[in-house]
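Asks: Before I ask anything, here is the structure I am working with.
The values are calculated or read from the model by the stated rules, or taken from the named source; none is laboratory data. Keep in mind the model is a prediction, meaning the values are calculated, not measured. Counting neighbours? That spans all protein chains shown, and the Cβs are built from the backbone with ideal geometry, glycine included.
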Amino acid sequence: MKKFIVFLMLCAFLFSASLFKEEFDFSKYNNLEVQVFTSNKQNINFDNISVVDNGQGQIIYCNYDKYKDISSTIKNISGVTFIFEGNKNLYLDIIKKLNITLLENNYDNFVGYSNNFDGGVSYNGKKVNVQGYFNKGKIYIGTPLLLGSY
């Protein structure tokens, strides 16, 4: 399973330049954190962010307001993950609000496609651009896939 996840992460980094569209606003969710994944090292000069070199690029940890600034400024964004507090009902509500066509849906995770996101990667021969995960009161929504730890 770990090899498969690494494969999906690699696909996302290599084949996607997906950016989150502005139509859906995650800012209203509790304790929102945003992780922005880039496919190359860049000089990023924003206050109140953390940048980690992951060997293949960078992971930028920020809040939603900084994410909007960062996404319009830096190049080669390969993925974005939104993390916030919530319960299973909110998790299911997000799936509905994003109008996701589900390709896989297990109890606590899904893979699918939504017109609320650009780009995507191939997954079992179909285009996907959003993945979600619910665990211990945290909701993770990633585009085109969840990247990093969750």
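Asks: Please enumerate the residues belonging to segment 20-42 that are among the hydrophobic types (A, V, I, L, M, F, W, C), over 12 Å from the mean Cα position of the chain (by Cα) and modelled with pLDDT of 80 or more.
Replies: Residue satisfying the conditions is LEU32 alone.
Asks: Which members of segment 122-133 meet the condition of being in a strand (DSSP E or B) and either free of Cβ contacts under 8 Å to residues at least 40 places away in the same chain or surrounded by fewer than 23 Cβ atoms within 10 Å (Cβ to Cβ) (or both)?
Replies: Those that are in a strand (DSSP E or B) and either free of Cβ contacts under 8 Å to residues at least 40 places away in the same chain or surrounded by fewer than 23 Cβ atoms within 10 Å (Cβ to Cβ) (or both): SER122, TYR123, LYS126, LYS127, VAL128, VAL130, GLN131, TYR133.
Asks: Would you check if ASP118 is surrounded by 13 or more Cβ atoms within 10 Å (Cβ to Cβ) and of a type in the set (Asp, Glu)?
Replies: Yes.
Asks: List the number of the failed condition for LYS41; all other conditions in (1) touching an Asp or Glu at 6+ places or on another chain (Cβ under 9 Å); (2) surrounded by 14 or more Cβ atoms within 10 Å (Cβ to Cβ) hold.
Replies: (2)
Asks: Hey, any hits in segment 62-69 for a residue that's at pLDDT 90 or above and part of a strand (DSSP E or B)?
Replies: yes
Asks: Please identify the pairs in which a residue from segment 72-91 that is part of a loop (DSSP other than H, G, I, E, B) has its Cβ atom under 8 Å from the Cβ atom of a residue that is among the aromatic types (Phe, Trp, Tyr), counting only partners at least 6 apart or on another chain.
Replies: Hits for this filter: GLY86/TYR29; GLY86/PHE134.
Asks: So which residues in segment 92-150 are over 12 Å from the mean Cα position of the chain (by Cα) and aromatic (Phe, Trp, Tyr), if there are any at all?
Replies: Within segment 92-150, TYR107, PHE110, TYR113, TYR123, PHE134 meet the criteria.
Asks: Please enumerate the residues belonging to segment 22-61 that are over 20 Å from ASN116 (Cβ atoms) and either outside any loop (DSSP other than H, G, I, E, B) or among the hydrophobic types (A, V, I, L, M, F, W, C) (or both).
Replies: Correct list: THR38, ILE44, PHE46, ILE49, SER50, VAL51, VAL52, ASP53, GLN58, ILE59, ILE60, TYR61.
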